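Shown next, in structure tokens, is the structure this report addresses.
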Amino acid sequence: MQTLLIANRGEIACRIARTAQSLGLDVVAVYSDADRDLPHVRAADRAVRIGPAAVHASYLSADALIEAARRSGADAVHPGYGFLSENAAFAQAVVDAGLTWVGPSPGAIAAMGDKAAARQLAAEHGVPTVTGFDASDDDDALRAAARELGVPLLVKAASGGGGRGMRRVDDLADFDAALASARREAIAAFGDGRVLLERYVKRPRHVEVQVFGDTHGRVVHLGERECSIQRRHQKVVEEAPSPAVDAALRERMGEAACRVAAAVDYVGAGTVEFLLAPDGSFTFLEMNTRLQVEHPVTECVTGVDLVEWQLRVAMGEPVPEPPPLCGSAIEVRVYAEDPLRDHLPATGTLHRADFPAGPGVRIDTGYATGDAVTPHYDPMIAKVIAAGPDRMTACRRLARALDQAWLPGVITNLPLLRQIARHPTWLAGDLHTGFLTETGLPTPPPLNLADGVTAAVALGAWQRRGSLPPAWRMGGPAAQSDTFRCGAEVVEATWTPSHKGLTLQIGEETREVEVLGLDGDHLRLVVDGVHATWRLAWLPSDSRHTTLDDGDTLYVHTGRGEAFVRLEPRFPAPGGVEDEPGTCVAPTPGTVTAVHVAAGDVVEAGAPLVTLEAMKMEHTLTAPEAGTVASVRVDVGEAVDGGTLLVRLEVE
């Protein structure tokens, strides 16, 4: 192996490239038109364009990837995780092209990629499994099985992983809609619309075991990871080791996981996933035949570079003896999404990509300041990993790291992650897959409105230094007022110059502010006698603005929180179409995957109107009010921008 092509993108490709280059390998990146300027392209020794932004024409195109390997002179392919990493046909095509495949054999991928067959294989080897119904594309058979299994029920894509193509059903009347939605999402993510059914287990822990096999017939495990905090069956927080697993249970689960892997002559990194009941019993869920997104926590507690093990095993070396576990590590996934708007995906430009550094903190990301987060791919921006000699140290480091992270320009789930990191149930390790629902998270975080307004006023004062101050007059300073918006909250602020700076009135709060200077994007100031340095990102609404002006937005990070404020125009523009009654507009860019109504239909408030697919997830938009459908403005398959009018209703 001399030259490795990484058939993936973003933080995945950056992470694999780092290890491959440390082993002396040349690295080839691939990119779509939407990704040509991302860090993974710059991190590689060379890069090859594989197609347009559409995932099926680029990262899911086996022909384009193999042609990229041929053109670049690569002799090996690492699939990363996601996309074609668990596609047996792609693995076989790589092998047939005379290239080294960094992963398990196509046969092992096929055996475990069919979740129903994997469940049967696990049962044959003495591993208990979840009750369910085998994969099928026969809707009538699935409906009959659903009636027999009863609810709650899980409709689950037969291929792939990562929570894609999974829907929970609590009422059989909703089964057909859940089946159709899961199938559409599975086709979009994996190109396979088959689904299976599983009886939904309430309040279990989700615990997975990292296994590793080599070409000499040996399979070992490197302990477990707890992945119970999930949203829509997608993991949000992972840690190693699990707070619920002792040495004896770890040995039993590890032995079962190795037994399943050995049954298919497994080679390379893989993960066997289990549901863990409060009594310590566990049942097999599935096996992921790839490296996992959450592999860094295992690396932190073992000291093993799992990508290095993958590459060495692919070169024919034996898998080493696993080291003992040491300490604790926690990973959270930072997504471009809004936790307070049903986790709708978000897009935009990262005006800053500031991630913390410090003891025990690791950041895996594929984005940098100035990069655009587009609607074409998974919404994950970065992973923040914190480790320590014990779980509480790791928890404290994680909380501090999340406080310091700052990604202005794109709405993220950072507020939710900060809430989790300090929640008493999380700190106690009392976890299960319904954690977010049961705890009621996310709750609206407090908006640092006062700090945002203070920063805006202070920045404006500093920018105007040396000129006549606002509201200057012969008889002494007069008060000046402006209106600021932070999210849905609007406040009027009034300030007057003082002998040291200015006196600022924000609602009922009065602050004495002295501006010391602006160093790049760091504002130095004194607020009520306390010295502080705040980070700023200023977005003028007009390129001609040289000072903070009407319509401009200022992002602020104080070190203990963040906010963004917009200086409201004194003469606001009229509202847009989204402000009109009876309109349904796209909340985010995406592709229309289903239209549920036609002109003339009478609908109730909350009735489904249109389903959008954005960032590989489906989002069903509902009627804002009861009424009659006046017009449907989009068709299935149409790509739309955020703010596009989709359906108009006539409302009474």
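Each value in this text was obtained by applying a stated rule to the coordinates, not by laboratory testing. This one's a predicted model, so the numbers in the text were calculated from it and none came from an experiment. Neighbour counts run over all protein chains shown; Cβ positions are idealised from the backbone, glycine included.
Our estimate of slack between VAL602 and ASP305, defined as 0.36 nm per intervening residue step minus the Cα-Cα distance, is 101.1 nm.
Each residue, THR533 and ALA372, gets one label point 7 Å from its Cα in the Cβ direction; the gap between the two is 3.4 nm.
Between ARG147 and GLU317, the modelled label-to-label distance comes to 5.8 nm, taking each label 7 Å out from Cα in the direction of the beta carbon. Once both labels are positioned 7 Å from their Cα atoms along Cα-to-Cβ, the gap between GLU255 and GLU638 label points is 6.1 nm. The calculated FRET efficiency for ARG168 paired with GLU652, based on their beta-carbon distance and R0 = 30 Å, is about 0.30. The Stokes-Einstein estimate for region 319-415, based on a Kirkwood radius over Cα pairs and taken at 10 °C with 1.306 mPa s viscosity, is a diffusion coefficient of 110 µm²/s. Between CYS326 and LEU23, residue separation times 0.36 nm minus the direct Cα-Cα distance comes to 106.6 nm.
Arrange the following residues from fewest to most other Cβ atoms within 10 Å of their Cβ: LYS383, LYS156.
Values: LYS383 21, LYS156 26.
Ascending Cβ contact count within 10 Å gives the list LYS383, LYS156.
Legend: calculated FRET efficiency, ARG544 to GLU492, from the Cβ-Cβ distance at R0 = 30 Å, rounded to 0.05, equals 0.70. Taking other Cβ atoms within 10 Å as a rough exposure proxy, HIS221, HIS557, HIS596 sort from fewest to most as HIS596, HIS221, HIS557. Footprinting exposure proxy ranking of CYS258, CYS300, CYS326, fewest other C-beta atoms within 10 angstrom first, gives CYS326, CYS258, CYS300. Could you please state, rounded to a whole Å, how far the C-alpha centre of region 162-190 is from the C-alpha centre of region 534-555? That distance is 43 Å.
Spatially, region 352-399 and region 125-141 are offset by 37 Å when compared through their Cα centroids.
Cross-link partners for LYS235 among the lysines, with Cα-Cα distance under 20 Å and sequence neighbours closer than 8 places in the same chain left out: LYS115, LYS156, LYS202, LYS383, LYS616.
One chain, two ends: ARG71 and ALA262. Fully extended at 0.36 nm per residue, the span grows by 65.1 nm beyond their Cα-Cα distance.
Would you mind getting me the FRET efficiency between ALA123 and GLU509? Use the beta-carbon distance for r and R0 = 56 Å, nearest 0.05.
Details: r = 64 Å, r/R0 = 1.14.
Computed FRET efficiency for ALA123 and GLU509: 0.30.
Which trypsin sites (Lys or Arg not before Pro) from region 543-652 combine a DSSP loop assignment with at most 11 other Cβ atoms within 10 Å? Kindly include the intermediate steps, with their values, before the conclusion.
Numbers: sites: ARG544, ARG560, ARG566, ARG570, LYS616, ARG633, ARG648; in loops: ARG544, ARG560, ARG570, LYS616, ARG633.
Sparse-neighbourhood loop trypsin sites (Lys or Arg not before Pro): ARG544, ARG560, ARG570.
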